[in-house]
Amino acid sequence: MSEIFSSIQKKAEALKPELTAVSKAIFDHPELGKEEVFASSQHCSLLEKYGFAVEKGFMGIETAFKAIKKSVKPGPTIAFLAEYDALPGIGHGCGHNILGTTSVGAGIVAAEILKDIGGTIEVYGTPAEETDGSKAALADGGAFDHVDAALMTHPSDSYYRSGPSLGIVPLRFEFFGKTAHAAACPEEGINALHACISLFNNISVLREHFQPDARVHGVIKNGGEAANVVPDYTMAEFYVRADKKSYLEKLVGQVKACAEAAAMSNGAKVKITNFEACYDNMITNETLSDVFTENLIQAGVPEVGAAKPSKGSSDAGNVSQKCPMIQPYFSISDHGKVPGHTRDFAACTLTDYANQQMILNVRAFAMTAYQLVTEPELLQKIKDEFKEAMQNK
Ligand SMILES: [Zn+2]
Ligand SMILES: [Zn+2]
């Protein structure tokens, strides 16, 4: 066993009581996205205790933070991303309490191991993953442009490698028409509901020509008030998703054209806005994923499954298009038995088994950070892969 391997193991095990306590405290005090005042302060206090310089309210987001610890020598910057928001009604049903402590623990151990060797370790607190994912705003604002590799892992029912996710653009369509008595003088009106329904029909016409992974789905949120009044206002919201940024941009343009054509058909006007943050598709850096997976096995994880096929979307996607990134999954429950976003899954985050898995991940993350700093050819391979992926996104 190498000296570094056993040193990481010792440091991670020593940190386990504190990480477990923070995970439990956040579990007991669930907060919704952008309200995670308690959770972010728990993480910041622990990071400060271990010598990180912490910037709270990072980039103007109150419950975001950036923690940084430099070694004695300049070198690569490795970032770990923490989430800590809960779900309404069921608390930490997505397990972000233990997700956060895994990333914070990884940062603390990695910085400790590297302090006399080189490089910089950063830990980012990224609020509101379940709603208006702040990784999108942080990434789009340039927070990760200088980062050499960004890593995080999500609790799940088993170990899975980092995979893809779809990019998403949330579009709100508001149609404006003119009221009239629907029986007495319909010729005076402009029906905003017909324009809205035409939007759905136009999208259905377009659907025949979608690429296989594209997803476009919407609802009418305002369809008018009374059957005897020609509606002058209607509103629909859609999610447009695709597996590549270039195709997503094209598809969004086509869907917007569907709305404009719908409005034009009867003289209504349409206003198109984004009602939530846009997420890029996740691009896993496979070289980085190989290194981390190997380190999980070395740390004692018996098996890591292939990436889950995902038709969902995540704010991690935006980070993955700014620097090499992985977001795999780790086991905190019996395979396939406890679905996410449930109270049962939340309870799984408190078990001895889950806390042991947290420590195995902390060890694999710290070992990966050590390799990225001490093996320049490996880091170059990761960067080359990233560069190529960006030319083909
Ligand atoms: Zn979730
Ligand atoms: Zn989650």
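Bear in mind that the values in this text are calculations on the coordinates, not laboratory data. This one's a predicted model, so the numbers in the text were calculated from it and none came from an experiment. No Cβ is skipped: glycine too gets one built from the backbone with ideal geometry, and neighbour counts run over all protein chains shown.
The table below lists the values:
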| read-out | value |
| --- | --- |
| Inter-label distance for Glu35 and Thr273, nm, one decimal - labels placed 7 Å from Cα along Cα-to-Cβ | 2.3 |
| D (Stokes-Einstein, µm²/s), Kirkwood Cα radius, the chain, 1.567 mPa s at 4 °C | 58 |
| Spin-label pair Glu260/Asp384, simplified geometry with 7 Å Cα→Cβ offset, distance in nm | 4.4 |
| Rounded to whole Hz, the Karplus (6.51, -1.76, 1.60) HN-Hα couplings of the stretch 214-227, x for glycine and proline | 5, 9, 9, 9, x, 9, 8, 9, 9, x, x, 10, 9, 5 |
| Magnitude of the charge dipole, the stretch 1-60, Cβ model with Lys/Arg +1 and Asp/Glu -1, debye to 20 | 160 |
| Mean Kyte hydropathy of -0.5 or more with a Cα span along the axis of at least 20 Å, helices from DSSP in the chain | 3-28, 96-114, 192-207, 245-266, 352-374 |
| Among Leu99, Leu166, Leu378, residue whose mean-square fluctuation peaks in a GNM of the chain (springs only between Cα atoms under 10 Å) | Leu378 |
| Set Lys34/Lys311; Lys244/Lys387; Lys244/Lys308 screened for pairs whose C-alpha atoms are more than 22 Å apart | Lys34/Lys311 |
| Helix-derived mean residue ellipticity, 222 nm - over the chain, DSSP H n ≥ 4, -39500 (n - 2.57), to 500 | -14000 deg cm²/dmol |
| Among Ala192, Asn285, Met235 the positive-end extreme of the charge dipole of the stretch 184-303 (Cβ point charges) | Ala192 |
| Nonlocal amide H pairs with Gly305, under 5 Å, H built at 1.01 Å | Tyr159, Tyr160, Arg161 |
| Cβ-defined net charge surrounding Tyr50, 12 Å radius [Lys, Arg +1; Asp, Glu -1] | +1 |
| Signed unit charges on C-beta, dipole axis of the chain, positive-most listed residue Ala67, Gln357, Gly267 | Gly267 |
| Largest-first principal axis extents of the Cα set of the stretch 167-274 (Å) | 50, 20, 17 |
| Expected-Rg normalisation [2.2 N^0.38 Å, Cα atoms] applied to the stretch 97-177 | 1.47 |
| For the stretch 238-393, radius of gyration divided by Kirkwood radius, i.e. Rg to Rh on alpha-carbons | 1.10 |
| Selected from Ala143, Leu99, Phe173, residue furthest toward positive end of dipole (the stretch 86-220; charges at beta carbon) | Phe173 |
| Cut-off of 10 Å, at most 16 other beta carbons, DSSP loop: longest stretch of the chain lacking such GluC sites (Glu not before Pro) | 63-207 |
| Potential lengthening between Lys115 and Lys311 on full extension [0.36 nm per residue; Cα-Cα distance subtracted] | 66.5 nm |
| Gap separating the Cα centres of the stretch 143-171 and the stretch 316-393, nearest whole Å | 8 |
